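Enquirer: Encoded as structure tokens, here's the structure I'll be asking about.
Values quoted throughout were computed directly from the atomic coordinates according to the rules given, and no laboratory measurement underlies them. Computed from a predicted structure; not experimentally measured. Here the Cβ positions follow ideal geometry from the backbone for every residue, glycine too, while neighbour counts run over all protein chains shown.
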There are 4 protein chains.
Amino acid sequence: MENNIYFRRANYYETDKMGIVHHSNHIRYFEEARIFFMKNIGCDVAEMEENGIIIPNVDAYAKYHSPIRFDDEVEIEVKLVKFTGAVMGFDYTARFKDSKVTASVGHTEHCFVNSDFKPMSLKRKYPEYFEKLKNNISLSE
Amino acid sequence: MENNIYFRRANYYETDKMGIVHHSNHIRYFEEARIFFMKNIGCDVAEMEENGIIIPNVDAYAKYHSPIRFDDEVEIEVKLVKFTGAVMGFDYTARFKDSKVTASVGHTEHCFVNSDFKPMSLKRKYPEYFEKLKNNISLSE
Amino acid sequence: MENNIYFRRANYYETDKMGIVHHSNHIRYFEEARIFFMKNIGCDVAEMEENGIIIPNVDAYAKYHSPIRFDDEVEIEVKLVKFTGAVMGFDYTARFKDSKVTASVGHTEHCFVNSDFKPMSLKRKYPEYFEKLKNNISLSE
Amino acid sequence: MENNIYFRRANYYETDKMGIVHHSNHIRYFEEARIFFMKNIGCDVAEMEENGIIIPNVDAYAKYHSPIRFDDEVEIEVKLVKFTGAVMGFDYTARFKDSKVTASVGHTEHCFVNSDFKPMSLKRKYPEYFEKLKNNISLSE
């Protein structure tokens, strides 16, 4: 099992009257995949938040290629493509599990703040998380 | 304008592939109406939370009479039907604004806890909120 | 693996500012569990909808015992407790996977309609689904 | 009242455990604003769908400037910045109603398809909608 491929099935309540998963939910799928991947590399978001590290989105983008329908099984591949210590960026590809056809691609960027939403230096305050993220940046292909 | 009738329009993303507002969203409409009503009687939920009063749901019920569709205008009437200081209960009726046909009815109960989710006595710690709620209980008709 | 116990993890976006999974999402978890169970007994909801059988909620109830937090693993046990051919009812218990402590319990009722939301007789039109549901009613304990 | 400025208040259930409106919900706010604006210029999305015109998202982008909190009043300004007949694009700015501080900005693109998700020519099949959209493109400032 790859540490950066997250599987899930489309829920009924995620569809809209178009009969497809609402576009905003792809952004939520990306979040699930990102949190799954981060846990796998030793950066458990629940634990990081308990340590006072809040990781808000700086931005979010999704491009829709093929609609996901109720009960479709999808896999979301996530890659850490940018990490400066202050900002990290992820690329996502959602594919239908069987056909491997692309459903959507996306990108999000995030920063690290404390509970007052003030920027924090991950490198100085949490060097162990810093190293784990640094060591898991995807090299461009 | 009645202080206990809340208006809103059904959003596209609230529909599901059945072409109607997903049943879980009625529970969310009830929440919006309850928060609107509480603010109107001097119990602003945002302010109460800042004062350390958390108001989780004890339960939630909805019965669906007629489906709400995208862009339908609905009014949600809310009544405080129970208030003991420890627990409060609300009745809801969602109606189509124009026809006044009932879309759904519901009921929720809530308690008051501190930020550690320990029960608190509203009467002792926040007598002003206690009085406002007590004074706004709907008598049965 | 039991055919009526559905596992899932609480997602970040399902929490609210109270720090717990929003109460409306328990209703959504119940839906996921119900659809999982129905597929397991041969009543695939996606397939039933393709056959023109729409299964709206008649009502929904949840009682909250213990808050679910981000990343908690929960299991939702679902039982078909009522089936008349026109109406079916399910009981749900959501538990924390490890401790087996109850997070919430619930009940939903559903009817069968065609795409115009007119009631349909499952027994007459789809005897095979009728039999499968009838054979999977939980006897009271 | 401007036809392209949509007002709403942040709901409790839209917040997450960070205490702010979840980033995916900005995408939903943009949808509300877009549908409001389209109705105002004579392109009622509910009516268009009844006429068989489905308008899926091609992409969606949001950049987050300042977190929206529970009960904040926001205004979302929407501009039609691109319209080719086959594709339309909108820019969004969400601001806090009182301070006019920017909460987020965004952009979405959409196409027009029939109920089988095949591209359709709005110009040929629905010239009246085509004209209304063409006449409401925002000129760059």
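Enquirer: In the stretch C:32-45, which residues are crowded, with 22+ Cβ neighbours inside 10 Å, in contact with a helix residue (DSSP H, G or I) (Cβ under 6 Å, 6 or more places away or on another chain) and either within 14 Å of chain D (Cβ to nearest Cβ) or not in a loop (DSSP other than H, G, I, E, B) (or both)?
Expert: Step one: filter the stretch C:32-45 for residues crowded, with 22+ Cβ neighbours inside 10 Å, giving C:33-35, C:37-38, C:43.
Applying the additional criterion that residues be in contact with a helix residue (DSSP H, G or I) (Cβ under 6 Å, 6 or more places away or on another chain) yields C:35, C:38, C:43.
Matches in the stretch C:32-45: C:Ile35, C:Met38.
Enquirer: Which of the residues spanning the stretch D:1-35 are in contact (Cβ under 8 Å) with a residue 24 or more places away in the chain, farther than 16 Å from D:Ser66 by Cβ and over 18 Å from the mean Cα position of the chain (by Cα)?
Expert: D:Asn11, D:Tyr12
Enquirer: Tell me which of these A:Ser99 doesn't satisfy, since it passes every other one: (1) more than 14 Å from chain D (Cβ to nearest Cβ); (2) of a type in the set (S, T, N, Q); (3) farther than 20 Å from A:Arg9 by Cβ.
Expert: (3)
Enquirer: Being in a helix (DSSP H, G or I) and either more than 15 Å from C:Ile54 (Cα to Cα) or hydroxyl-bearing (Ser, Thr, Tyr) (or both) is the filter here, so list the residues in the stretch C:123-133 that pass it.
Expert: Step one: list which residues in the stretch C:123-133 are in a helix (DSSP H, G or I), which gives C:123-125, C:127-133.
Listed by number, the residues that qualify are C:Arg124, C:Pro127, C:Glu128, C:Tyr129, C:Glu131, C:Lys132, C:Leu133.
Enquirer: While we're looking at this one, here's another question. Can you tell me which residue in the stretch C:73-86 is nearest to the other protein chains (Cβ to nearest Cβ), limited to those that are surrounded by fewer than 18 Cβ atoms within 10 Å (Cβ to Cβ) and under 21 Å from C:Ile20 (Cβ atoms)?
Expert: C:Glu73
Enquirer: To continue, here is another question. Looking at the stretch C:31-73 only, could you name the residues that are within 16 Å of C:His110 (Cα to Cα) and touching a His at 6+ places or on another chain (Cβ under 9 Å)?
Expert: Passing the criteria: C:Glu31, C:Arg34, C:Ile55, C:Pro56, C:Asn57, C:Val58, C:Asp59, C:Ala60, C:Tyr61, C:Ala62.
Enquirer: Would you check which residues across the stretch D:54-66 are assigned to a loop (DSSP other than H, G, I, E, B) and crowded, with 18+ Cβ neighbours inside 10 Å and list them? If you could, list the steps in order and put the result at the bottom.
Expert: Initially, the stretch D:54-66 is screened for residues assigned to a loop (DSSP other than H, G, I, E, B), giving D:55-56, D:65-66.
D:Ile55 - this is the single residue of the stretch D:54-66 that is assigned to a loop (DSSP other than H, G, I, E, B) and crowded, with 18+ Cβ neighbours inside 10 Å.
Enquirer: Okay, next question. Quick check on my filter: what residues within the stretch A:1-21 are part of a loop (DSSP other than H, G, I, E, B) and either away from chain B (no Cβ under 12 Å) or within 16 Å of D:Val113 (Cβ to Cβ) (or both)? Even if it seems obvious, please write down each step before you answer.
Expert: Let us first name the residues in the stretch A:1-21 that are part of a loop (DSSP other than H, G, I, E, B), namely A:1-4, A:10-11, A:16-20.
Scanning the stretch A:1-21 gives A:Met1, A:Glu2, A:Asn3, A:Asn4, A:Asp16, A:Lys17, A:Met18, A:Gly19, A:Ile20.
Enquirer: May I pose another question? Among the residues of the stretch B:79-102, are any touching a residue at least 40 places away in the same chain (Cβ under 8 Å), in contact with a Ser or Thr (Cβ under 7 Å, 6 or more places away or on another chain) and not in a strand (DSSP E or B)? Give the steps one after another, and end with the answer.
Expert: So in the stretch B:79-102, the residues touching a residue at least 40 places away in the same chain (Cβ under 8 Å) come out as B:79-83, B:85, B:88, B:90-92, B:94, B:97.
Subset that is in contact with a Ser or Thr (Cβ under 7 Å, 6 or more places away or on another chain): B:79-81, B:85, B:90, B:94.
Add one more test, that the residue is not in a strand (DSSP E or B), and what stays is B:85.
Yes - at least one qualifying residue is present in the stretch B:79-102.
Enquirer: Here is a list of conditions, (1) buried (at least 23 other Cβ atoms within 10 Å of the Cβ); (2) in contact (Cβ under 8 Å) with a residue 40 or more places away in the chain; (3) in contact with a Ser or Thr (Cβ under 8 Å, 6 or more places away or on another chain); (4) closer than 28 Å to C:Glu49 by Cβ, and A:Phe70 meets all of them except one; can you say which number that is?
Expert: Just one mismatch for A:Phe70, condition (1).
Enquirer: Would a scan of the stretch B:95-112 turn up a residue that is surrounded by 18 or more Cβ atoms within 10 Å (Cβ to Cβ), within 13 Å of the chain's Cα centre (by Cα) and of a type in the set (Lys, Arg)?
Expert: Looking for residues that are surrounded by 18 or more Cβ atoms within 10 Å (Cβ to Cβ), within 13 Å of the chain's Cα centre (by Cα) and of a type in the set (Lys, Arg), one finds none in the stretch B:95-112, hence no.
Enquirer: Residues in the stretch D:46-65 that are of a type outside the set (Val, Ile, Thr) and at the interface with chain A (Cβ under 9 Å from one of its Cβ atoms): how many?
Expert: Quick first cut of the stretch D:46-65, residues of a type outside the set (Val, Ile, Thr) only: D:46-52, D:56-57, D:59-65.
Adding the requirement that they be at the interface with chain A (Cβ under 9 Å from one of its Cβ atoms) leaves D:49, D:56-57, D:59-64.
Qualifying residue count, the stretch D:46-65: 9.
Enquirer: All but one of (1) surrounded by fewer than 16 Cβ atoms within 10 Å (Cβ to Cβ); (2) over 30 Å from D:Lys118 (Cα atoms); (3) of a type in the set (Gly, Ala, Ser) hold for A:Gly89, so report the exception by its number.
Expert: The failed condition is (1).
Enquirer: Name the single residue that is surrounded by the fewest Cβ atoms within 10 Å (Cβ to Cβ) among those in the stretch A:1-31 being over 17 Å from A:Pro56 (Cα atoms) and of a type in the set (Lys, Arg).
Expert: This residue is A:Arg9.
Enquirer: Among the residues of the stretch A:105-122, is any over 18 Å from A:Gly52 (Cα atoms) and not in a strand (DSSP E or B)?
Expert: Filtering the stretch A:105-122 down to residues over 18 Å from A:Gly52 (Cα atoms) leaves A:105-109.
So of that shortlist, the ones also not in a strand (DSSP E or B) come out as none.
No: the stretch A:105-122 contains no residue that is over 18 Å from A:Gly52 (Cα atoms) and not in a strand (DSSP E or B).
Enquirer: Please state which of the following conditions A:Lys123 fails to meet, knowing it meets all the rest: (1) exposed (fewer than 15 other Cβ atoms within 10 Å of the Cβ); (2) out of contact with any Cys (no Cβ under 8 Å at 6 or more places or on another chain); (3) not small (Gly, Ala, Ser).
Expert: Of everything listed in (1) exposed (fewer than 15 other Cβ atoms within 10 Å of the Cβ); (2) out of contact with any Cys (no Cβ under 8 Å at 6 or more places or on another chain); (3) not small (Gly, Ala, Ser), A:Lys123 misses just condition (1).
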